[in-house]
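Following: one structure in structure tokens, then a few remarks.
Rule-based calculations on the coordinates, nothing more; no lab input. All values reported here derive from a predicted model rather than from experimental measurement. Quick reminder, even Gly has a Cβ in these numbers, built from the backbone with ideal geometry, and neighbours come from all protein chains shown.
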Amino acid sequence: MEEKFNPKIIGIFCNWCTYLAADLAGISRMQYAANLRISRVMCSGRVHPEFVLWAFKKGADGVLLGGCHPGDCHYIEGNYKALRRYILLKKVIGQFGIDERRLRLEWISGSEADKLRRVTNEFTETIKSLGPLPNRDDIEVDAFDESELKIVEPEYVTS
Amino acid sequence: MIPAFEEPRIGVYVCDCGTNIASKLHVPEVVDYASTLPNVTIAKEYKYMCADPGQLMIKKDIREHNLNRVVVASCSPHLHESTFRKATLDGGQNPYLFHMANIREHVSWVTSDIDDATNKAKAIVSGAVYRVAYHESLEPQKVDVRPEVLVVGGGIAGITAALTIGNSGKKVYLVEKESTLGGHMAKFDKTFPTLDCASCILTPKMTSVKNHPNIEIITFAEVSEVSGFVGNFHIKVKKRPRYVIEDECIGCYACVEQCVYKVPKFLSEFDEGIGLRKPVYIPFPQAVPNYAVIDPETCIEFKSNKCKKTCVTACNEVAGRDAIDFNQKEEIIELDAGAIIVSTGFKAFNPDVMPQYGHTRYENVYTSLEVERLVNSAGPTGGEVILKDGSKPESVGIIHCVGSRDKNHNKWCSKVCCMYSLKLAHLIKERTGAEVYNFYIDMRTPGKGYEEFYEKLLEEGTHFIRGKVAEVTDWAITPQEEGKLVIRAEDTLIGTVRRIPVDMVVLAVGLEPGKDAGDIRRIFNMSCSEEGWFLERHPKLAPVSTFTDGVFIAGACQGPKDIPESVAQAQAASAEAMCLIDKGFIELEPNVAVIDETRCSGCHVCLGLCPYTAITYNKEKEVAVINEALCKGCGTCVGACPSKAINQRLFRDEQIFAELEGLLLV
């Protein structure tokens, strides 16, 4: 018998709002779908489109991006830039044969633990209904060239 | 992916957190799994990683097993990242060669199925193990801190903070929205439970602020813009015109007395609308600073330009001054400060949204703040508790929890209402001899001497009826109720509906976040709780810090608080601010963006993205250049660079790629 599909969902959340909402959900002992795995960035503006493509390539069935509400960005306007990229990225993933519904951007503030719970559950259901992401090996990501990696000398900052 | 540089030797420590983690997932299974991951030298379980023995274990293992990377799987990095970075440092490694896996807030506390939780914890641990392999040694960025402190809000919390910091010899700017300091406390007559006079303890403090060489008071002003960051805030303050030149006014009241309005005609904001004032006024005699204010909404000169301007004549002739200036304009004052304390206070719940209690419909239904002005010896009635017709009430009902503990309005307990209701009950009984009825849901009197005060009120013969009031009505059904206000409530202790006729009703209104709390929050880049109170960094361990470094909170803007708590919090916030400015420098997260000049194509994409204008273009080299002192580390430019020439320290592309790969392993 086929095993029940248990999707893997990557959350890339900003440090100041959505990551805190996930912390608050924990503190409030809210129970939600265990499919979400969170990576923290300082700002949703940091999210490089290739993070999303890479996640899909490496096994994610859905990617949830989380940032502060418009006007509330800790870095003034990083979330607007995230939004601009998100809109384009939705089109790009379509070209890779990825259903647009597998990528979602949500503004979740540090106090909106309940929204985080609701969105995670909803999104998990959406991904479950879409099934596993097919043909993920076809996704081309210019992630980084391993051969190029070298020892990164720390640059000491003196006051 | 195996990093090509120095061979990583990773130590993984999975915390039980007592039973917080251990009871919700199979920790040994996670440890076993971790030990199979690439580059992991050792993996261990421990009951409390954050406790001394846990940290000692990390230090010892770094030395014994020659570890060069550390992963701790426990709580949120917001709680203990710095703890474990320090342990890594003490073990002899660079503190940034550490990464934290959040398996408490993000796993054990939110997942009901133990197998799901174990699986998710494995994923998060492998994400951290993959990521930490790409971590690099870094040095924190050192930034100088300016020695001035900005205090926003001049209520008891702001006054206390300003005095504490001023007394330490540091310069303080105290910005207050109203024309005088004092906040809500200035309106009270007595304070609970000691019944000492609010004025006698507050006004000397206000005077000390006024006379303090280190404190600069800016009243009638609001902060409109904050730029910069911890240690170097640049603040713009918008000062509204009071139409009185502050340096000229001596607070002599000549203008008020000689105003063309012979008697006060307009509702006084300070008296909560139960007293009257003239268009030119001083809110209360002890106001600090003691300058007159002209209200352009009611002043005839502003309306018609045809006023006789007797106030100006009075100022010239009686006071020998020329303080009145009808042409005064709004002013922008620019300040620099190293730290900011926000103490903007609360707003009282407006009971007009609860028509069943008849505030505004029945003239003898008052809010508690209105009654505070009524019982205040400096208030409009000179401290006499009288009804609208001038007679003394024979019976008074106090309705508790108006707007609080009410799912239709505010869910929270406003904390101070039980105690201030007891205080008002005592004062009303003392002044009028009236029968006082308290209608309460629960009496909440925790605090030093508070329960004893409640006990005293019980002995004084104040009536306590346990039940939430359904309505206040003037519909009499018995002759005794004629001409009275009837409070209808279910007495839950005797299980019957009661109708208590009274002459006066006091609504013990709750506390709410200030009207402009949303704007203030944005200006200072703070977070709010769902209810709108400013959010502290940690409820227990960092109760006066916010998520913005260098911005602290004190008093009731953080949540309902009484005076002792507000004062204590203000002093705590002052200590935090002083820690910062006294040290003279601060170490920032070294998460700035850096440009690889050899890869930069000079396309200019990043230049327009930086909200801090930290990126400039070097025409000679034809590359973008980042000013690290201006970079705040958001990484927006990194996410946009088409040549991958920009990277962000602590959040390098390869670190995140590796983390994502690890997160998706199981």
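Partner lysines whose Cα lies under 25 Å from the Cα of B:Lys171, excluding those fewer than 8 positions away in the same chain, are identified as B:Lys142, B:Lys205, B:Lys210, B:Lys236, B:Lys238, B:Lys239, B:Lys583. Close amide H contacts of B:Val365 (hydrogens built in the peptide plane, cut-off under 5 Å, sequence separation of 5 or more or a different chain): B:Thr360, B:Val505. Given the options A:Pro132, A:Pro70, A:Pro49, which has the most mean-square fluctuation in a GNM of chain A, springs set between C-alpha atoms less than 10 angstrom apart? Per the Cα network of chain A with a 10 Å cutoff, A:Pro70 tops the list. I'd like the FRET efficiency for A:Phe5 and B:Ala51, computed as 1/(1 + (r/R0)^6) with the beta carbon distance as r and R0 of 41 Å, rounded to 0.05. Efficiency computed from Cβ-Cβ geometry: 0.50.
Taking only complete DSSP H runs, can you tell me which helices of chain A stretch 18 Å or more along their own long axis by Cα positions and average at least -1.0 on the Kyte-Doolittle scale? For chain A, where a helix must reach 18 Å along its axis and average at least -1.0, the hits are A:78-95, A:113-130.
Axis angle, to the nearest 10 degrees, between helix B:114-132 and the longest C-alpha principal axis of chain B: 70 degrees.
Mean residue ellipticity, 222 nm, helices only, the protein assembly as shown: the sum of -39500 (n - 2.57) across DSSP H runs of n ≥ 4, divided by residue count and rounded to 500, is -9000 deg cm²/dmol.
Rounded to the nearest 20 debye, the dipole magnitude of the stretch A:13-152 is 300 debye, with +1 charges on Lys and Arg beta carbons, -1 on Asp and Glu beta carbons, and the Cα centre as origin.
Taking every lysine pair in chain A that is 8 or more places apart or spans two chains, those with Cα atoms closer than 13 Å amount to 4. Once the Cα atoms are used to define both axes, helix B:52-64 deviates from the longest principal axis of chain B by about 20 degrees. Placing a pseudo-label 7 Å from each Cα along the Cα-to-Cβ vector at B:Leu89 and B:Glu460 gives an inter-label distance of 5.5 nm.
Please report, in whole Å³, the volume per residue of the convex hull around the C-alpha atoms of the stretch A:13-152.
121 Å³
Segment B:Ser208..B:Asn167, full-extension length gain: 13.7 nm, with 0.36 nm per residue of separation and the alpha-carbon distance subtracted. Residues whose amide H lies under 5 Å from that of B:Ile341, counting only those 5 or more places away or on a different chain, are B:Leu150, B:Val151, B:Val152, B:Phe552; hydrogens are built 1.01 Å from N in the peptide plane.
Under 5 Å between amide hydrogens, built in the peptide plane, is the criterion, and for A:Ala33 it picks out A:Asn121 among residues at least 5 positions away or on other chains. Here each label is just a point 7 Å from Cα along the line to Cβ, and for B:Ala542 and B:Asp115 those points are 3.9 nm apart. Calculate, for B:Asn327 and B:Leu195, the FRET efficiency according to 1/(1 + (r/R0)^6) with r their C-beta to C-beta distance and R0 35 Å; round to the nearest 0.05. Efficiency at R0 = 35 Å is approximately 0.15. The packing ranking, built from the mean of other Cβ atoms within 10 Å per residue, places the peptides A:104-113, B:154-163 in the order B:154-163, A:104-113, highest first. Per residue, the convex hull spanned by the Cα atoms of chain B amounts to 205 cubic angstrom.
When each of A:Ser129, B:Ser179, B:Ser224, B:Ser566 is scored by the number of other beta-carbon atoms lying within 10 Å, the sequence from fewest to most is A:Ser129, B:Ser224, B:Ser179, B:Ser566. Each Lys and Arg adds +1 at its Cβ and each Asp and Glu adds -1 at its Cβ; summed about the Cα centre, the protein assembly as shown shows a dipole of about 580 debye.
Residues of the stretch B:321-353 falling in the label zone of B:Ile245, defined by backbone nitrogen less than 17 Å from a point 7 Å along Cα to beta-carbon, are B:321-331.
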